[in-house]
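A short write-up of the structure that comes next.
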Amino acid sequence: MVPFTNPPFAYRDGHLYCEDVALKDLAAGAGTPCYVYAANGIRDRFRAYQAAFQQMPHRICYAVKANSNLAILRLLAELGAGFDIVSAGELYRVMQAGGNPGAVVFSGVGKTRDEMAYALHAGIHSFNCESAPELELLATVARAKGLRARCSLRVNPDVDAKTHPYISTGLREHKFGIAMDEALDLYRRFQDEPALEWIGVSCHIGSQLLDVSPLAEAAEKLVAFVATLRANGIAIQEVDIGGGVGVRYHEGEAAPELSVYGQRLLQAFAGAELTIVAEPGRSLVAEAGVLLSQVLYVKTSGEREFVITDAAMNDLIRPALYDAHHEIVPVHWQPRPAMVADVVGPVCESGDFFARNRQMSVVEPGELVAVCTAGAYGFVQSSNYNTRPRPAEVLVDGARWRVVRERETLAQLIAGETV
């Protein structure tokens, strides 16, 4: 059976391709490890979101934290995407990539005074605020600049996203948002603040949701809350429903159809006269990327087999951090026996692994393997641990490809340090 892949990755004559480029050719040209992204895969997913939301006023704001490479931000900006940011650095990236700051939403629980001032000066669309002290600081910064900050309050609908606890954000015990029964008082308290303008309500219950029911439940609660706000004279214009749907990481996993998600939201917001803001990140880029690596050694230790690759946890930390599953497939496929192995990297940590006790195709030293569904939360969480240069990033567009981030050099690893 041909190994797992996600479109736009597929085998042709036994070789794994990204769109119309063979991964073996990318490895020869760009080296390993490297991240490979498919431009048309990202375009197709963005257009699928647009189609799913077409029957309601909407804005799709890409969550920059999922993958912040400038070439990907430029690609999405050209498609008309807005952007969801969580730092001044992400706003800087968006603007450097040609994104419109007027289509940027600033989220996050810990915005600093300087970040607020930078975002106000840039003219972003709005702030998603998460506490009374944050609102007070934002008003102070806006008054000092003679500006008015548009803002929404991130409310916590107490909906269980049924996802990994590290990426679940919608329950009362989480650090994010404000309980709905407390939020009304905050809207009232700041209603007459001249430096702030209430424009919406925000919500984000979690990431990697494979069932749209929790999202629909949260939407219904938001609609009811908006009705309460309007009855209190607070003219809400938009609702930010947070991130998108989950993606397929392995065989047997099925991601929700975006058309079904769109219909559920259409039902929830029917007649509400609101603009819907969505902040997909993972579901736009995850399946459009792989981490390409070379097998260095195959080692037997007792009863365990270890496949040691030139990529490591500093390049892709999700398996070590979340125990996340990524399929690992040979770049050259031919019928071959299976093995059970731990796939690990060179970093000096027992937690440096991509898979444990994984049944996979037998691979040999020198072979190329692809760690699948790695376009989101891959390079953005990479580090220089063990003083390892971070990998190159490559963007494929049809039959063309280019390096969109050069591999770090040893000299760059110590730039900014002094003896």
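Values as computed for the structure displayed
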{"read-out": "Leading residue by the ranking (surrounded by the fewest Cβ atoms within 10 Å (Cβ to Cβ)) among those in the stretch 264-307 that are in contact (Cβ under 8 Å) with a residue 60 or more places away in the chain and among the polar types (S, T, N, Q)", "value": "T275"}
{"read-out": "Some residue of the stretch 372-379 being surrounded by 22 or more Cβ atoms within 10 Å (Cβ to Cβ), among the aromatic types (F, W, Y) and closer than 22 Å to N40 by Cα", "value": "yes"}
{"read-out": "Matching residues, the stretch 1-25, being assigned to a loop (DSSP other than H, G, I, E, B), free of Cβ contacts under 8 Å to residues at least 60 places away in the same chain and more than 20 Å from H326 (Cβ to Cβ)", "value": "D13"}
{"read-out": "Leading residue by the ranking (farthest from the chain's Cα centre (by Cα)) among those in the stretch 245-257 that are surrounded by fewer than 21 Cβ atoms within 10 Å (Cβ to Cβ) and touching a residue at least 24 places away in the same chain (Cβ under 8 Å)", "value": "E251"}
{"read-out": "Helices (runs of 4 or more DSSP H) wholly inside the stretch 76-174 containing at least 3 residues that are within 20 Å of the chain's Cα centre (by Cα) and either buried (at least 16 other Cβ atoms within 10 Å of the Cβ) or at pLDDT below 95 (or both)", "value": "88-96"}
{"read-out": "Enumeration of residues in the stretch 7-46 that are among the small types (G, A, S) and either under 17 Å from R400 (Cβ atoms) or buried (at least 20 other Cβ atoms within 10 Å of the Cβ) (or both)", "value": "A22, A27, A28, G29, A30, A38, A39, G41"}
{"read-out": "The listed residue being among the polar types (S, T, N, Q), modelled with pLDDT under 95 and closer than 22 Å to N128 by Cβ, out of S207, S213", "value": "S207"}
{"read-out": "Residue in the stretch 224-244 that is surrounded by the most Cβ atoms within 10 Å (Cβ to Cβ), counting only those that are of a type outside the set (G, A, S) and touching a residue at least 60 places away in the same chain (Cβ under 8 Å)", "value": "D240"}
{"read-out": "Single condition V363 does not satisfy, out of (1) β-branched (V, I, T); (2) within 26 Å of G243 (Cβ to Cβ); (3) in a loop (DSSP other than H, G, I, E, B)", "value": "(2)"}
{"read-out": "Verdict on R113 being in contact (Cβ under 8 Å) with a residue 24 or more places away in the chain and within 22 Å of F9 (Cα to Cα)", "value": "no"}
{"read-out": "Output for the stretch 308-343, where each listed residue is among the hydroxyl-bearing types (S, T, Y) and either free of Cβ contacts under 8 Å to residues at least 24 places away in the same chain or touching a Leu at 6+ places or on another chain (Cβ under 7 Å) (or both)", "value": "T309"}
{"read-out": "Scope the stretch 211-224; condition under 14 Å from R264 (Cα atoms) and not β-branched (V, I, T); matching residues", "value": "D211, S213, P214, L215, A216, E217, A218, A219, E220, K221, L222"}
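For every residue, the table says whether it meets (1) in the same structural domain as H250 (by TED's automatic domain parsing); (2) surrounded by fewer than 17 Cβ atoms within 10 Å (Cβ to Cβ); (3) touching a strand residue (DSSP E or B) at 6+ places or on another chain (Cβ under 8 Å).
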site: G177; (1), (2), (3): yes, no, yes
site: A183; (1), (2), (3): yes, no, yes
site: Q191; (1), (2), (3): yes, yes, yes
site: A195; (1), (2), (3): yes, no, yes
site: G200; (1), (2), (3): yes, no, yes
site: L209; (1), (2), (3): yes, no, no
site: L215; (1), (2), (3): yes, no, no
site: L222; (1), (2), (3): yes, no, yes
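To keep it simple, each residue is scored yes or no on (1) within 19 Å of L73 (Cα to Cα); (2) in contact with an Asp or Glu (Cβ under 9 Å, 6 or more places away or on another chain); (3) surrounded by fewer than 19 Cβ atoms within 10 Å (Cβ to Cβ); (4) not assigned by TED's automatic domain parsing to the domain that holds A320.
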position: S382; (1), (2), (3), (4): yes, yes, no, no
position: L395; (1), (2), (3), (4): yes, no, no, no
position: A399; (1), (2), (3), (4): no, yes, yes, no
position: T409; (1), (2), (3), (4): no, no, yes, no
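Here's the yes/no breakdown for (1) in contact with a helix residue (DSSP H, G or I) (Cβ under 9 Å, 6 or more places away or on another chain); (2) among the small types (G, A, S):
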{"site": "A88", "(1), (2)": "yes, yes"}
{"site": "E130", "(1), (2)": "no, no"}
{"site": "L153", "(1), (2)": "yes, no"}
{"site": "D158", "(1), (2)": "yes, no"}
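The values are calculated or read from the model by the stated rules, or taken from the named source; none is laboratory data. Here the structure is a predicted model, which is why all the values come from computation and not from measurement. Cβ coordinates were reconstructed from backbone atoms using ideal geometry, including for glycine residues, and neighbour counts include every protein chain displayed.
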